[in-house]
1. Based on the Cβ-Cβ distance of A:ALA183 and A:LEU112, what FRET efficiency does E = 1/(1 + (r/R0)^6) give at R0 = 25 Å, to the nearest 0.05?
2. Mind jotting down the distance between the C-alpha centroids of region A:160-203 and region B:154-192, whole Å?
3. Around B:ALA184, what is the net charge, scoring Lys/Arg as +1 and Asp/Glu as -1 over all other residues with Cβ under 10 Å from its Cβ?
4. So what is Rg over Rh here for region B:34-203, counting just Cα atoms and using Kirkwood for Rh?
5. Can you tell me how much longer the chain between B:ASP117 and B:ALA166 gets when fully stretched, taken as 0.36 nm per residue apart minus their C-alpha distance, in nm with one decimal?
6. I need the phi-derived Karplus couplings for region A:110-125: 6.51 cos²θ - 1.76 cosθ + 1.60, θ = phi - 60°, integer Hz, Gly and Pro marked x.
7. In nm, to one decimal, how far is the A:ILE94 label point from the A:PHE131 one, both placed 7 Å along Cα→Cβ?
8. Give a quick list of chymotrypsin sites (Phe, Trp or Tyr not before Pro) in region A:150-204 that DSSP marks as loop, anything other than H, G, I, E or B, with at most 12 other Cβ atoms within 10 Å.
Amino acid sequence: MKSTPGPCGSSWSLLATALLLLASTETAFAHVRHGQAQGFLSGLRHPVSGVDHVLAMISVGLWGAQLGVPAKWLLPVTFPMAMAFGGFLGLAGIALPGTEVGIAMSAILLGLVVAREARLPLAAAAMLVGFFAIFHGHAHGTELPAGESGLTYSIGFVMATGSLHGVGILLGEVHRWQCGRAALQAVGAAVTIAGVVFLWIAIA
Amino acid sequence: MSWPPRVAPRLLSGLLGVVAGTLWPTPAEAHLVTTGLGPIYDGISHLLLSPEDLVPVLAIASLAGLNGAPAGRRVLFTLTVAWLAGGLAGYFTGGFVRPAGLPAVSFLVIGGLTAADRRLSSAVLGVLALAVGLVHGWINGAAIADAGREALSLVGIVTTVFLLLALGSGFVVSRRAAWARLVARIAGSWVAAIGLLMLGWSMRGVS
């Protein structure tokens, strides 16, 4: 009597084939791009790790929300570009005196304009934000950990900064309600006080 | 207006540093991905996994989209053909060196123009697409030759460039809401900022 392979036999042959294929593995062409992911994560983390940076970024968004369109979008466009210019100066080895004082002053003044709902002309607002962004970029944009990718670090750094502006704009949407306006002014005052503390630390 | 005595030399040396850092030819790391699925898929994966190529493609797609459908069509074909031509030139001319800062310049220029959101003539966009395609294509082609891989990878790269451009510019063109245009501008400002930082890194010899 001729035996026919049953389902069990088919499974064994499949398993044997799979084992044979696994056993005949070729050399892997592992392509490792060292520092790519770490660079991105370092850049993403860096702006969030400094309270001074976070407060300034969010204040820009809050102020933009208070001023409304087009400042709401222009300020977050201005800040990253001016910040990158500051980072570029730092990378080029061009010293910027009083960087920490500038960062502390940015918190004081940005907090103040939020607290007072200051309505500066658009160009003046952009210049104020851009001026202080240079200090932030100079201080923070160049701190690449060794062995990590400068490109992905920069991508993460800029994305995190822009996202902080976005958070500020979203929070600033409470401006449309009376209690929200008061809350924003209180937040602005708190940022100013924090800025004074930063200034004290920078000078001391 | 006269500069204070110490500022002018520093600015001049900084400027020279930028120019030298941008144009100085350095051996580049060949970032070619091996998928195990053949050179075409290697090329596709390379483009999708390489921010130095992917970001300018998406940014120029956005810029073209902001300038309307005719500009989108012009950039679509010009950039793709230029990328292929540059890639073939890079592949066959051998000698894998590249001006280290040029990809950073494409980030800076494309991102800056997108953020500015000025109406550009079709000719200007065409020249920009030509330059970007030739530079990035040349770097890709030279990297493929340097790694001893098949030129067919270029087909994968260029096909992906074409598809991303078509989808990206088409998406931006079809957006009518003002906020969508603003999102494109903000993304452009981020790209320009990244380019400026890349330029600084290239001066320090960091990729």
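What follows draws every value from the coordinates through simple rules; no lab data is involved. Predicted model only: the values in this text are computed from it and were never measured. Neighbour counts run over all protein chains shown; Cβ positions are idealised from the backbone, glycine included.
1. 0.90
2. 33
3. With Lys, Arg at +1 and Asp, Glu at -1, the neighbours total +2.
4. Ratio value, two decimals: 0.98.
5. Between B:ASP117 and B:ALA166, full extension yields an extra 15.7 nm.
6. These are the phi-based 3J(HN,Hα) values: 5, x, 5, 5, 6, 4, 9, 6, 4, 10, 7, x, 3, 5, 5, 4 Hz.
7. Inter-label distance under the simple model: 1.8 nm.
8. A:TRP177
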